[in-house]
Every structure is written in C-alpha cells, then in structure tokens.
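Participant: Sharing a structure below in structure tokens format, with a few things to ask.
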Amino acid sequence: MSAETVLVEILGGHGRVQTRERIVLGSEQRAFTIGRSVEADFTLDDAYAAPLHARVEVLPDGKLLASDLGSVNGIVFAGKTHKSASALAIPDSTLQIGRTHLRIRTAHENLAPEKPDQMRPASILHDPAWIAGAGALIGGMQLAYTSWLGAPRDLATVIVTTLISGVLAAGAWVAFWALLSRVMQGEWRWLRHAAIFLGIAAVFVAIDGLLELGWFVFSLPHWGTRAAWVGAVAFGCALYLHLMHASNLSTRRAALIALIVPALSGGTGQWVQARYQMRDVNHIATSVRIYPPSLRLRPAGTAEDYFRGTAALRDAADKTRKSLRADDDDDESADDE
C-alpha cells in the first residue's frame, strides 16, 4: 500500500478553518494520534484533551475510524459522546476532541466543482456595493421628489431633514441584520444587507410608480391599498433575503416567515388605519399625482360623475358624523344614569 496524506483542520465556532496541518502516513502505519502531548502526531492546545486522546485510522478507501485512547471526556460525534470507543466511523469527517472541533480530509474527498469567476460586466450586477449605491441614489431622489411635491415653505430644510431620517432608518435596519449575521454566521456582511434593503426599496419605488402611472394612463378605478400590497411583497422579499444571509434557517422556513410576518403586520396595519380613518371626518381618501393628460389612453370621467362622487362623499361624511354624535349622546346618557 502507498503512503496516505491527510489534512487535519481545526474549525471555529461557525465552521470556518482556523488552522490546518498536513500529516503523511506511512504505507504500513495508516493511523495517527491526536492529543495534548508533543508525542501526539497532531497536537492540540486544549485543556480538555488528554495527552494522547484519540487514534484515527485511514482505510484504503478513505473511510475514517476513530478510537478513544482512555480519555476522560471521550470522542464526540454529531453531538454524542463516545468513551472507550474502538474503530468508530467518523461521520462527515468531523469530530470533537475536548472542546476542539476537527475535520479530517483525505485524497478520497469529493470536492465541489470550481466556482466560475464572474466577468467584470456581469459581476457589477452581483456586487453588493454597486447595488447598495444605486439603491441609495434612487431612494434619495424619491425622498427628495416626495418632499418637493408637498410644496413646503423651506424646501431645502425639508429635503435635508427627510434624507437624514431616511439614512438613520436604513442604517438602523442594516445594522440589525449585520449584527445578526455576525452572531449567526461570524461575518458582519454590511454591504450585502445594505444591498438587499436599498435594492429592494429602489425596486419598490419603481414598481409603485409604474403601477400608479399605469392606473392613470388606462383610467383604472382607484386602488387605495396598492402601495400597501406592493410594500408587503417588497417587505417579504427583503425579509427572506435577509434571513437567508443572516441566519441558519432553511429555505422553506425563511420563506414561511417571509410570508407570515408581512401578512400579519400589513393586515393589522391596514385594519388599524381603516378604523382610525372611519372616525376621522376630515380624512380624504385620495392621493393623486399630476401627469400630462396626453398620457391617457382612455378618456377620463365626466364632470357629472365627479360631482356625483363628491355628493356621495358628502353623504358618507354626514352619516359618519351623525353616528359619532349618536355615540357621544349614548355615552352622556350612561354617565347621567
């Protein structure tokens, strides 16, 4: 039998390689020892490891067998401790000696295919820095445009204040997910989470604007909850991507959370807002942007329809006012009794 070369790696808390050492086994002695002593073939700096803790044998087909050499703490496989074990197969080529996690690699290991290096034009679309920068630019322009539509007296102050508020909100959101990535994955991933948040925010702004423009062009009926529905979908997509890059959740669980959380939060928010607006007689349920009339592909409504709708709105307001007045009278009557 020919000599065997193995690579022993010490893994960190997140499964990343901290150190590695190559060991060459002889053609007759296809085993090596692990322990704290200098007499061990692979020496550990671990107070919970015995001087000669374990012996690992490499079979000709690459299978690994581990034996305990009389240690106090034994050998840990897949979370289970084995004491005084002999010739146990090592699952996934990983084991724990003391408090040190080890991975043993042999020449029989099946390696994943080489990842292709993206060409520069294509890598720009996958670069978190470019996505975050483009999203920040689009988001800043949208905030400034929205502030300008309000026609404030001091436009510059309102725009600056709005942009600062947006930056603080985005920074807090990205910082939360970056911290979760650091705890769960061992990396901060600032740019990745910034790209997710700002990129999806930019897509949300674009889709919402196109939908509103399409509603105007085709003279479609008013859809008051359009922005809420689009926002819920955008929030779900962002939440899914954040979870996939910040936690160890499976794809199915992340998708389930991304469906449930936006549905619950969006539905609750819509219900609370609707209840509040029903009791506010001064509320006007409209948000109209001005577009050039030449963009319309269908004729707009007639003046008669407009005034008919205004009359209906007045009747609805009077009905709400009477209902509130009746509730107040009932409350006063109950207090008098």
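Participant: Taking Val167 as the residue in question, decide whether it is farther than 21 Å from Phe197 by Cα and hydrophobic (A, V, I, L, M, F, W, C).
Facilitator: Working: farther than 21 Å from Phe197 by Cα: no; hydrophobic (A, V, I, L, M, F, W, C): yes.
No; evaluated as a whole, the condition is false for this residue.
Participant: Please count how many residues of region 200-233 are part of a helix (DSSP H, G or I) and not aliphatic (A, V, I, L, M). Full working, then the answer.
Facilitator: Start the filter on region 200-233 by keeping residues that are part of a helix (DSSP H, G or I), which leaves 200-217, 226-233.
With the extra rule that they be not aliphatic (A, V, I, L, M), the set shrinks to 204, 208-209, 212, 214-216, 226, 229, 231.
Of the residues in region 200-233, 10 are part of a helix (DSSP H, G or I) and not aliphatic (A, V, I, L, M).
Participant: Regarding region 84-93, can at least one residue be identified that is in contact with a Gly (Cβ under 8 Å, 6 or more places away or on another chain), of a type in the set (A, V, I, L, M) and either assigned to a loop (DSSP other than H, G, I, E, B) or closer than 30 Å to Met184 by Cα (or both)? First the steps, then the outcome.
Facilitator: Narrowing region 84-93 to residues in contact with a Gly (Cβ under 8 Å, 6 or more places away or on another chain): 84-85.
After this cut, where a residue has to be of a type in the set (A, V, I, L, M) as well, the list is 85.
Then keep just the ones that are either assigned to a loop (DSSP other than H, G, I, E, B) or closer than 30 Å to Met184 by Cα (or both); that gives 85.
The answer is yes, given that some residue of region 84-93 is in contact with a Gly (Cβ under 8 Å, 6 or more places away or on another chain), of a type in the set (A, V, I, L, M) and either assigned to a loop (DSSP other than H, G, I, E, B) or closer than 30 Å to Met184 by Cα (or both).
Participant: May I pose another question? Would you pick out the residues in region 1-46 that are within 38 Å of the chain's Cα centre (by Cα) and part of a loop (DSSP other than H, G, I, E, B)?
Facilitator: Gly12, Gly13, His14, Gly15, Arg16, Leu44, Asp45, Asp46
Participant: If we keep just the residues of region 49-70 that are without any contact (Cβ under 8 Å) to a residue 24 or more places away in the chain and out of contact with any Gly (no Cβ under 7 Å at 6 or more places or on another chain), which is surrounded by the most Cβ atoms within 10 Å (Cβ to Cβ)?
Facilitator: The qualifying residue surrounded by the most Cβ atoms within 10 Å (Cβ to Cβ) is Ser67.
Participant: Next up: If you scan region 60-83, which residues turn out to be assigned to a loop (DSSP other than H, G, I, E, B) and farther than 15 Å from Thr33 by Cα? Don't jump to the end; show me each part of the working.
Facilitator: In the first step, residues of region 60-83 are kept if they are assigned to a loop (DSSP other than H, G, I, E, B); the result is 60-63, 69-74, 78-79, 83.
Hits for region 60-83 are Pro60, Asp61, Gly62, Lys63, Val72, Asn73, Ala78, Gly79, Lys83.
Participant: Against the condition assigned by TED's automatic domain parsing to the domain that holds Leu198, surrounded by fewer than 16 Cβ atoms within 10 Å (Cβ to Cβ), polar (S, T, N, Q) and touching a Pro at 6+ places or on another chain (Cβ under 9 Å), how does Ser250 come out, does it pass?
Facilitator: So Ser250 does not fit the description; no.
Participant: Now for a separate question. Only one of Val38, Val8 is assigned by TED's automatic domain parsing to the domain that holds Leu88 and in contact (Cβ under 8 Å) with a residue 12 or more places away in the chain. Can you tell me which? It would help to see each step written out before you state the result.
Facilitator: Working: Val38 fails: in contact (Cβ under 8 Å) with a residue 12 or more places away in the chain.
Val8 is the lone residue from the list that is assigned by TED's automatic domain parsing to the domain that holds Leu88 and in contact (Cβ under 8 Å) with a residue 12 or more places away in the chain.
Per-residue answers, yes or no, for (1) closer than 21 Å to Ala234 by Cα; (2) among the β-branched types (Val, Ile, Thr):
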site: Thr94; (1), (2): no, yes
site: Arg99; (1), (2): no, no
site: His108; (1), (2): no, no
site: Pro116; (1), (2): no, no
site: Trp130; (1), (2): yes, no
site: Leu137; (1), (2): yes, no
site: Thr162; (1), (2): no, yes
site: Ala170; (1), (2): yes, no
site: Trp177; (1), (2): yes, no
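Participant: Quick check on region 88-100. Is at least one of its residues among the hydrophobic types (A, V, I, L, M, F, W, C) and more than 25 Å from Gly12 (Cβ to Cβ)? So that I can check it myself, show each step before the final result.
Facilitator: Going residue by residue through region 88-100, those that are among the hydrophobic types (A, V, I, L, M, F, W, C) are 88-90, 95, 97.
Retained after the next criterion (residues that are more than 25 Å from Gly12 (Cβ to Cβ)): none.
Within region 88-100 (the criterion being among the hydrophobic types (A, V, I, L, M, F, W, C) and more than 25 Å from Gly12 (Cβ to Cβ)), the answer is no, since none of the residues qualifies.
Participant: Now, a different point. Taking Ala170 as the residue in question, decide whether it is assigned by TED's automatic domain parsing to the domain that holds Ile131, surrounded by 13 or more Cβ atoms within 10 Å (Cβ to Cβ) and in contact with a Phe, Trp or Tyr (Cβ under 8 Å, 6 or more places away or on another chain). Write out each step before concluding.
Facilitator: Values: assigned by TED's automatic domain parsing to the domain that holds Ile131: yes; surrounded by 13 or more Cβ atoms within 10 Å (Cβ to Cβ): yes; in contact with a Phe, Trp or Tyr (Cβ under 8 Å, 6 or more places away or on another chain): yes.
Considered against the rule, which asks whether it is assigned by TED's automatic domain parsing to the domain that holds Ile131, surrounded by 13 or more Cβ atoms within 10 Å (Cβ to Cβ) and in contact with a Phe, Trp or Tyr (Cβ under 8 Å, 6 or more places away or on another chain), Ala170 comes out as yes.
Participant: So Pro91 clears everything in (1) modelled with pLDDT of 85 or more; (2) of a type outside the set (Gly, Ala, Ser); (3) closer than 25 Å to Ala49 by Cβ; (4) surrounded by fewer than 17 Cβ atoms within 10 Å (Cβ to Cβ) except one condition, right? Which one?
Facilitator: Going through (1) modelled with pLDDT of 85 or more; (2) of a type outside the set (Gly, Ala, Ser); (3) closer than 25 Å to Ala49 by Cβ; (4) surrounded by fewer than 17 Cβ atoms within 10 Å (Cβ to Cβ) one by one, Pro91 breaks only (1).
Participant: Another question, if that's okay. Condition (residue is free of Cβ contacts under 8 Å to residues at least 12 places away in the same chain, assigned to a helix (DSSP H, G or I) and closer than 19 Å to Trp130 by Cα) applied to region 187-199: is it met by at least one residue?
Facilitator: Within region 187-199, none of the residues are free of Cβ contacts under 8 Å to residues at least 12 places away in the same chain, assigned to a helix (DSSP H, G or I) and closer than 19 Å to Trp130 by Cα.
Participant: Considering only region 100-118, how many residues are within 31 Å of the chain's Cα centre (by Cα) and either within 20 Å of Ser71 (Cα to Cα) or in contact (Cβ under 8 Å) with a residue 40 or more places away in the chain (or both)?
Facilitator: Going through region 100-118 one residue at a time, the tally reaches 4.
The values are calculated or read from the model by the stated rules, or taken from the named source; none is laboratory data. No experiment lies behind these values; they were computed from the predicted model shown. In this analysis, Cβ positions are derived from the backbone assuming ideal geometry, glycine residues included, and neighbour counts consider all displayed protein chains.
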